[in-house]
């Protein structure tokens, strides 16, 4: 299995839980849709905060997953910025937009991912250092 | 002045210190050269750790700067990933390499920046969460 060190976080009782993974995927999709469609208002901000907590203090609680790792380690939260930015480009490029528009969309996506990630990782940061 | 919220971190006694900024710029250049030329070995890793400390617990100590902010806040450390990745591309593009090679160099740069940033921010992270 690829990326076993990441699949680990979807474990329940020492093995990957397809149910858990499937529920997380749905929420992941919602995060993408929200980035593209919603204003970055208080509601959006509150939900990014909730996403952060679901990777730290509330991990597994939303889906009531038994014996899952209690946190997604910080290092993977920031590392996430690379693949999610690099792999989006082909999707942006396949609807016939100009190269300039594709680059602009890609930059906007990149910035929104970095911003999301900063907000998600707030709950990992020592008091007063955010 | 542009980006006053960032220039603030180079303050000494409530105003920007050109000497401090100039010394930091030299070290910034060294970080770029190291990313491009040095193996990512223990020495490199130790220096990234030192860079992190110089933004938190040892900020201003290296240059003996008086009354400078005691930390560069975490949110700016991660936000840094965007401009430093987006602005490098024209430099990579001006030496006559193929578009494919430019994209590969850009991806390698992007990954190295994210990796550096993860290492630098270690000293901001709560015990056990890194």
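The values are calculated or read from the model by the stated rules, or taken from the named source; none is laboratory data. In this text, all values refer to a predicted model and were calculated from it rather than measured experimentally. Every residue, glycine as well, gets a Cβ built from its backbone with ideal geometry; the counts of neighbours run over all protein chains shown.
Considering only region B:78-96, I want to know if a residue exists there that is touching a helix residue (DSSP H, G or I) at 6+ places or on another chain (Cβ under 7 Å), surrounded by 17 or more Cβ atoms within 10 Å (Cβ to Cβ) and without any contact (Cβ under 8 Å) to a residue 24 or more places away in the chain. Among the residues of region B:78-96, at least one is touching a helix residue (DSSP H, G or I) at 6+ places or on another chain (Cβ under 7 Å), surrounded by 17 or more Cβ atoms within 10 Å (Cβ to Cβ) and without any contact (Cβ under 8 Å) to a residue 24 or more places away in the chain, which makes the answer yes.
Scanning region A:114-130 for residues that are in contact (Cβ under 8 Å) with a residue 12 or more places away in the chain and either over 28 Å from residue B:57 (Cα atoms) or outside any helix (DSSP H, G or I) (or both) returns no hits. When you go through (1) without any contact (Cβ under 8 Å) to a residue 40 or more places away in the chain; (2) part of a helix (DSSP H, G or I); (3) more than 15 Å from the chain's Cα centre (by Cα) one by one for residue A:25, which number turns out not to apply? Going through (1) without any contact (Cβ under 8 Å) to a residue 40 or more places away in the chain; (2) part of a helix (DSSP H, G or I); (3) more than 15 Å from the chain's Cα centre (by Cα) one by one, residue A:25 breaks only (3). Being within 7 Å of chain B (Cβ to nearest Cβ) and over 21 Å from residue A:45 (Cα atoms) is the filter here; which residues of region A:72-104 pass it? Those that are within 7 Å of chain B (Cβ to nearest Cβ) and over 21 Å from residue A:45 (Cα atoms): A:73, A:75, A:79, A:82, A:86. When the residues of region A:105-120 are narrowed to those that are under 16 Å from residue A:49 (Cβ atoms) and facing chain B (nearest Cβ under 7 Å), which ends up surrounded by the fewest Cβ atoms within 10 Å (Cβ to Cβ)? Restricting to residues being under 16 Å from residue A:49 (Cβ atoms) and facing chain B (nearest Cβ under 7 Å), the top hit is A:117. Can you work out which of the residues in region A:42-71 that are out of contact with any helix residue (DSSP H, G or I) (no Cβ under 9 Å at 6 or more places or on another chain) and more than 14 Å from chain B (Cβ to nearest Cβ) is nearest to residue A:22 (Cα to Cα)? Top of the filtered list is A:64. Within region B:97-110, the residues that satisfy the criterion of being farther than 15 Å from residue B:37 by Cα and touching a helix residue (DSSP H, G or I) at 6+ places or on another chain (Cβ under 8 Å) are B:97, B:102, B:106, B:107, B:110.
Among all residues of region B:24-36, there is none that is within 14 Å of chain A (Cβ to nearest Cβ) and at pLDDT 95 or above.
Residues in region B:1-21 that are within 9 Å of residue B:69 (Cα to Cα) and assigned to a helix (DSSP H, G or I): B:8, B:9, B:10. Restricting A:83, A:90 to those that are at pLDDT below 95, within 27 Å of residue B:115 (Cα to Cα) and in a helix (DSSP H, G or I) reduces the list to A:90.
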